[in-house]
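The values are calculated or read from the model by the stated rules, or taken from the named source; none is laboratory data. Since the model is a prediction, treat every value here as computed from it, not as a measurement. All Cβ positions, even for glycine, are placed from backbone atoms using ideal geometry, and neighbour counts span all protein chains on display. These area figures cover heavy atoms from the full protein model, side chains too; ligands, DNA and RNA do not enter into them. Shrake-Rupley method; radii C 1.70, N 1.55, O 1.52, S 1.80 Å.
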There are 6 protein chains.
Amino acid sequence: MSVVRATRRAHFCAAHRLHREEWSDERNREVFGDCSNPNWHGHNYVLDVTVEGPVDPETGFVMDLKHLKHAMAARVVDDVDHRNLNLEVPWMDGVIPSTENFAVAIWGRLADAMPKGVKLCRVFVQETPNNSVEYTGPENAEAS
Amino acid sequence: MSVVRATRRAHFCAAHRLHREEWSDERNREVFGDCSNPNWHGHNYVLDVTVEGPVDPETGFVMDLKHLKHAMAARVVDDVDHRNLNLEVPWMDGVIPSTENFAVAIWGRLADAMPKGVKLCRVFVQETPNNSVEYTGPENAEAS
Amino acid sequence: MSVVRATRRAHFCAAHRLHREEWSDERNREVFGDCSNPNWHGHNYVLDVTVEGPVDPETGFVMDLKHLKHAMAARVVDDVDHRNLNLEVPWMDGVIPSTENFAVAIWGRLADAMPKGVKLCRVFVQETPNNSVEYTGPENAEAS
Amino acid sequence: MSVVRATRRAHFCAAHRLHREEWSDERNREVFGDCSNPNWHGHNYVLDVTVEGPVDPETGFVMDLKHLKHAMAARVVDDVDHRNLNLEVPWMDGVIPSTENFAVAIWGRLADAMPKGVKLCRVFVQETPNNSVEYTGPENAEAS
Amino acid sequence: MSVVRATRRAHFCAAHRLHREEWSDERNREVFGDCSNPNWHGHNYVLDVTVEGPVDPETGFVMDLKHLKHAMAARVVDDVDHRNLNLEVPWMDGVIPSTENFAVAIWGRLADAMPKGVKLCRVFVQETPNNSVEYTGPENAEAS
Amino acid sequence: MSVVRATRRAHFCAAHRLHREEWSDERNREVFGDCSNPNWHGHNYVLDVTVEGPVDPETGFVMDLKHLKHAMAARVVDDVDHRNLNLEVPWMDGVIPSTENFAVAIWGRLADAMPKGVKLCRVFVQETPNNSVEYTGPENAEAS
């Protein structure tokens, strides 16, 4: 039985800001540059979620990508689309909304939404056409 | 002598919000939907600026696109990149930062930056992969 | 008051076949090549619909693109997505589903869905990354 | 000697349908939705084939990508372009033409076309801009 | 009878250099910058050719895009792909291979290749993702 | 602490030629085809550089991508943009400028530019939209 990876893409847009409250404005600007602008900025994010599993011999699917699409909408996109990642997303509370932290938090939202036998294996977030991040789960920390 | 159009593309990201202060929150949400979120949202904008003119027989250029790039940076991109279009862009003051108004305002920033013999002929602004706007100047109003 | 063009993009996929029933199989294959395959083939179509009008001073919109999106869904996309353009789309009846005829038919579906003061001005259909068609309405026939 | 992966991309379009003959129409529609449409639908597929091997010190190539292009054309693209994946592709006989099964079948077509020292390491099939599948070969089944 | 525009896209890569022999190296570098590098540089060009005409009621085509593809290959792409635009393309002789001059020259290669009733109406050449040029023919010179 | 991969993209254009001096013209043409054209050809290259490391709890970054951008500019892009890869890039001396060799050489330029705790993990070079190469470092040679 073949093990295959399937990917579903979603798009959304959001505002955010990179800054640490306990740092001075100068330090924030030094580390985060324009990304620390107190008046916010934003992006059109691209989110690719990849799942891995054996191909079901009856359906030919790893999993129905419509179900993955709905999980991504219900657990991620509906919470962040046209939202402020610093102020309005409970599952981003207490972390700087860098693309890295965002990808890890999205993994946390989706990992337990997988059907039996299917593993979440990759969350890819593109913040701009030139900047993107990929998280393949906590097991990778060991390997490094 | 051939008349040709040349286009330079730029990218930037910004936050904005669509709302009218004199309207109630309900009316703002009814008209502008999620785009009226008081906590802002944002986009990766794509800006295409097109100029038209005869091809210079010495250089083979309508105009040097490096000069167009610099004009776009100095008069538009540096003012809006990583900025809030409602709060931080003097030349957007008093207009709702819809893509339509944004394109018209960008035209106003660039029209008098053209070298002799070259006409600004198109400002194209893509707000999301699915939504974009094109402005070809005030002469078009007559024609419609 | 500025006149601006706004574009909304949609995606769908469909099956089709180019052939004329009154022609022999040989003639169909000679004219239409692989596109006449009796077992069908299909495409991921990209549809761009452009409208033109004055910018509303209250909203900053030519028209609310959500309304255009809904008109495109209700009058076009819902009828053709995951459908067979030869067999299942009443408003394509009797015409060969070439990209040209498809674009003209889509224009016919949308022209009277425009709000007051807004004109449909362009239907763009991409059949493959290398083949696309643009229709700007019946007034163009005169001009040619 | 460096081990490198090289990828060649191809495009084709095809019709298909997801359904099981032994299932009722209701069950097919319940599981496969619009994809089970008996009148077919279709896609512009994107196929990326990746090979891995040491860089030949004389040519600087893992393998000549022209040869990979020809193998992909002769063994895959010529069989499926402008075809019906359910009816006209012998090497898809008996399997539902899901993207997963399609990617695994393409692997089977190409694995023994590799020159000495080069391994096929990835077949990526994009069915729509939002849905794609990746197969990295039967060895992966063990690892999972 | 509807008048429609159809576009065919092609890709090729070439080397070129912007310089005038009668100018000093300093002047060339001042005007053309890095583009005047005597050791050449190059691009992956994208070429879009657009034709306009009434839709043939029998075929549904403005013209068979396979024929346009072949004309583009025979008259343009085969002459420039993997070539040096300054040294190896007879129909670019004596002009600086700017994108503007290139687009005008491509127009000259294709204008008389149109079938009866079909007009060449646009040559678009993208030199880089950020720089492109559009030529719509000699009639435009009058209008400007 | 999560281990994440972050990718920065850059664009540049260059000329090159694939040939071995010790081979006859016939042999060069036989092996390298049009790529051996003595008058050069060129490409718009896309370069993706991926780094891996734990997410810094203070900044939310694997590393500041601005620093990666600057390292890519200073050590790679400034040396190759608008240059001839055969004649003008010291760190490509003595190797055929295939995409494979180019990716390996870029790795060599960047591997020791990583901040403490961050690993270079992938250099991806796209030569044309259809041809690309990926190098994940010398450790991979063992694994194969």
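Does residue F:141 qualify as being more than 21 Å from residue E:37 (Cβ to Cβ), hydrophobic (A, V, I, L, M, F, W, C) and at pLDDT below 95? Steps first, please.
Numbers: more than 21 Å from residue E:37 (Cβ to Cβ): yes; hydrophobic (A, V, I, L, M, F, W, C): yes; at pLDDT below 95: yes.
Criteria met by residue F:141.
Name the single residue, out of those in the range C:8-32 being aromatic (Phe, Trp, Tyr) and within 13 Å of chain D (Cβ to nearest Cβ), that is farthest from residue D:81 (Cα to Cα). Please lay out each step first, then the result.
Applying the first criterion (aromatic (Phe, Trp, Tyr)) to the range C:8-32 yields C:12, C:23, C:32.
Narrowing the set further to residues that are within 13 Å of chain D (Cβ to nearest Cβ) leaves C:12, C:32.
Working: C:12: 19, C:32: 14 Å.
So the residue we want is C:12.
Output the number of the condition that residue B:35 fails; it satisfies all remaining conditions of (1) in contact with a Gly (Cβ under 7 Å, 6 or more places away or on another chain); (2) farther than 30 Å from residue E:21 by Cβ.
Result: residue B:35 passes all but (1).
Filter the range B:1-19 for residues that are within 23 Å of the chain's Cα centre (by Cα) and open to solvent by 50 Å² or more (accessible area, probe 1.4 Å) and give the result. Talk me through it step by step, then tell me what you get.
Taking the range B:1-19 as the starting set, the residues that turn out to be within 23 Å of the chain's Cα centre (by Cα) are B:4-19.
If the condition is that a residue be within 23 Å of the chain's Cα centre (by Cα) and open to solvent by 50 Å² or more (accessible area, probe 1.4 Å), then B:9, B:11 are the ones that fit.
Residue by residue through the range D:1-25, note down the ones that are among the hydrophobic types (A, V, I, L, M, F, W, C) and modelled with pLDDT of 95 or more. Before you say what the answer is, go through the steps one by one.
Step one: list which residues in the range D:1-25 are among the hydrophobic types (A, V, I, L, M, F, W, C), which gives D:1, D:3-4, D:6, D:10, D:12-15, D:18, D:23.
Across the range D:1-25, the qualifying residues are D:3, D:4, D:6, D:10, D:12, D:13, D:14, D:15, D:18, D:23.
Each row is one residue, and each column tells you yes or no for (1) within 14 Å of chain B (Cβ to nearest Cβ); (2) more than 17 Å from residue A:11 (Cα to Cα).
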{"position": "A:47", "(1), (2)": "yes, no"}
{"position": "A:70", "(1), (2)": "no, no"}
{"position": "A:74", "(1), (2)": "no, no"}
{"position": "A:88", "(1), (2)": "yes, yes"}
{"position": "A:116", "(1), (2)": "no, yes"}
{"position": "A:123", "(1), (2)": "no, no"}
{"position": "A:134", "(1), (2)": "no, no"}
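I'd like the full set of residues that are touching a helix residue (DSSP H, G or I) at 6+ places or on another chain (Cβ under 8 Å) and part of a strand (DSSP E or B), limited to the range B:1-15. It would help to see each step written out before you state the result.
As a first pass, look at the range B:1-15 and keep what is touching a helix residue (DSSP H, G or I) at 6+ places or on another chain (Cβ under 8 Å): B:1-4, B:6, B:8, B:10, B:12, B:14.
Listed by number, the residues that qualify are B:3, B:4, B:6, B:8, B:10, B:12, B:14.
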